Amino acid sequence: MEQQAILAIGIFLLTYGMIISEKIHRTIVAMIGGVLMVVLGVVDQESALHHIDFNTLGLLIGMMIIVSITAETGLFKYIALVAAKKAKGDPVRILISLVLITAIGSAFLDNVTTVLLMVPVTFSITRQLRVNPVPFLITQILASNIGGTATLIGDPPNIMIGSAVKELTFMAFINNLAPIVAVIMAVTIPIFVFIFRKHIQTTPELKMSIMQIDEKEVITDRVLLTKSLSILGLTIIGFFLHQLLHLESATVALAGAFLLLLLTGEHSMEEAFTKVEWTTIFFFVGLFVLVSGLVETGVISKLAAGAIELTGGNPVATSILILWLSAIASAFLDNIPFVATMIPMIQEMGNMGVENLEPLWWSLALGACLGGNGTLIGASANLIVAGMSAKEGHPIKFITFMKYGFPLMLISVVLANIYIYVRYLI
């Protein structure tokens, strides 16, 4: 087992190094890394398949189909123009309004769905203003992960924690996490403006050109719009009720997608499937299998157990350690498998006599969700935006994202640390 663990770490680090170097496309690298885990016997195929989170993949595919069909109606261009006109065509004010829409949408849809809806809007606006879309996309990635932290359905780690700990209800997440999320957003938005204001300048003529467009003219198919919005509305209601209905979010998203395809007819199906970001989907598959090697050989468990041993069960030290360990690990691993390993560890601490586990759960949620902003592969939303951006001819480089994301992630985790200490541990 020791030998297998070393082999798993070796494959993971080599793959990760290749992803960072960007010499070969990250999907190819991740899939080869995942295949190597199976071929070299670190995990068997059955275990590898077990570790692939089909709920995440199903949610992504379902929402990509719904969004691609809805995009044909011109709805996103309409939203783009309304937002741009309200901001008087000023790119900095547009950036702020899109960040706020993304953060709020991420809390009440989920962050993956929200970025799928926001990216086409962003490209419509930036094309019109002839400004670089990358600053807008980076700020939206960061806002989606921060906003998604606020609710039970906002981010996959929260969904996992909520389903493992029944006392942590939808309202409990809002009451405990929304206040600090609001503070983090209030601190982060001025930083966004300060960093990017010089990169998104445009001319008064281009600002005026936006003000002169009649946004109603961009809606191309009102019948399809009615169908799309009806299904999108039903799907969103399904996300709110999915625990009551005992349905996974992937089931809700795929049901919505295929109901919409049923209403729009076969001609939409081929087109919709070509719009699915298959490179991103396969990157996730490779990543899940890659991390399964670390899980199955006990590497992640040993890291977590060793970290908790360090604190001697002290609630203050344990909470802060879980917060920072989750944040740093979630920046460099996908946060979903990490949270899956940490949940039983925290439950075990309850069995060992730690009385108040609540601060530990909120530390895990904040660390895992906010930590996703550290690097481009830290969270699902990051990869979706990067995939869509590359398709439009604006690749977001791993190092470019990390240059902005990692320092802002550290600031948000410091604020979360102060909040956890003041609210639960004094």
Query raised in the report: Which pairs do you get when a residue that is in a helix (DSSP H, G or I), found in region 185-197, comes within reach of a residue that is open to solvent by 70 Å² or more (accessible area, probe 1.4 Å) and not aliphatic (A, V, I, L, M), reach meaning Cβ atoms under 8 angstrom, with the pair 6+ apart or on two chains?
Result: none
**Report entry** Number of positions in region 269-296 that are open to solvent by 10 Å² or more (accessible area, probe 1.4 Å), more than 20 Å from the chain's Cα centre (by Cα) and over 30 Å from Ile11 (Cβ atoms)
**Finding:** 5
Query raised in the report: Across region 391-409, what is the number of residues that are on the phi < 0 side of the Ramachandran plot, without any contact (Cβ under 8 Å) to a residue 40 or more places away in the chain and over 17 Å from the mean Cα position of the chain (by Cα)?
Result: 3
Report summary line: Of (1) assigned to a loop (DSSP other than H, G, I, E, B); (2) open to solvent by less than 30 Å² (accessible area, probe 1.4 Å); (3) in contact (Cβ under 8 Å) with a residue 60 or more places away in the chain, Thr220 fails just (2)
Report task. Kindly indicate the residue of region 236-268 that is open to solvent by less than 60 Å² (accessible area, probe 1.4 Å) and not aliphatic (A, V, I, L, M) and also nearest to Leu60 (Cα to Cα) among those meeting that condition. Result -> Ser249
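Taking the condition assigned to a helix (DSSP H, G or I) and under 26 Å from Thr280 (Cβ atoms), does Pro337 pass? It would help to see each step written out before you state the result.
On the way: assigned to a helix (DSSP H, G or I): yes; under 26 Å from Thr280 (Cβ atoms): yes.
Answer is yes for this residue.
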Report task. Scan region 89-101 and report the pairs whose first residue is among the hydroxyl-bearing types (Ser, Thr, Tyr) and whose second residue is open to solvent by less than 50 Å² (accessible area, probe 1.4 Å), with Cβ atoms within less than 8 Å and a gap of 6+ or a chain change. Result -> Ser97/Ala83; Ser97/Ala87
Query raised in the report: Residues Leu117, Leu137, Leu129, Leu152: which one is more than 10 Å from the chain's Cα centre (by Cα) and open to solvent by 10 Å² or more (accessible area, probe 1.4 Å)?
Result: Leu117
**Report entry** Boolean, Pro190 is modelled with pLDDT of 95 or more and exposed (fewer than 12 other Cβ atoms within 10 Å of the Cβ)
**Finding:** yes
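Take Phe54 and decide whether it is under 18 Å from the mean Cα position of the chain (by Cα), closer than 19 Å to Val295 by Cβ and at pLDDT 85 or above. Don't jump to the end; show me each part of the working.
Details: under 18 Å from the mean Cα position of the chain (by Cα): yes; closer than 19 Å to Val295 by Cβ: yes; at pLDDT 85 or above: yes.
When the stated conditions are applied, Phe54 passes them.
Scanning region 166-184 for residues that are under 21 Å from Gln347 (Cα atoms) and open to solvent by less than 10 Å² (accessible area, probe 1.4 Å), which turns out modelled with the highest pLDDT?
Applying the first criterion (under 21 Å from Gln347 (Cα atoms)) to region 166-184 yields 166-170, 172-173, 176-177.
When the remaining residues are screened for being open to solvent by less than 10 Å² (accessible area, probe 1.4 Å), the result is 173, 177.
Values: Phe173: 92, Leu177: 96.
Filtering region 166-184 for residues that are under 21 Å from Gln347 (Cα atoms) and open to solvent by less than 10 Å² (accessible area, probe 1.4 Å), the one modelled with the highest pLDDT comes out as Leu177.
Got at least one residue in region 94-101 being among the hydroxyl-bearing types (Ser, Thr, Tyr), open to solvent by less than 10 Å² (accessible area, probe 1.4 Å), modelled with pLDDT of 85 or more and assigned to a helix (DSSP H, G or I)?
Taking region 94-101 first, the residues among the hydroxyl-bearing types (Ser, Thr, Tyr) are 97.
With open to solvent by less than 10 Å² (accessible area, probe 1.4 Å) added as a condition, the list becomes none.
No: zero hits.
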**Report entry** Condition met for Asn158 (assigned to a loop (DSSP other than H, G, I, E, B) and modelled with pLDDT under 95)
**Finding:** no
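The values are calculated or read from the model by the stated rules, or taken from the named source; none is laboratory data. Bear in mind the structure is a predicted one, so any value in this text is a computation, not a measurement. With ideal geometry, Cβ positions are generated from the backbone for all residues, glycine too; neighbour counts draw on all protein chains shown. Calculation scope for accessible area: heavy atoms of the full protein, side chains included, ligands and nucleic acids excluded. Shrake-Rupley method; radii C 1.70, N 1.55, O 1.52, S 1.80 Å.
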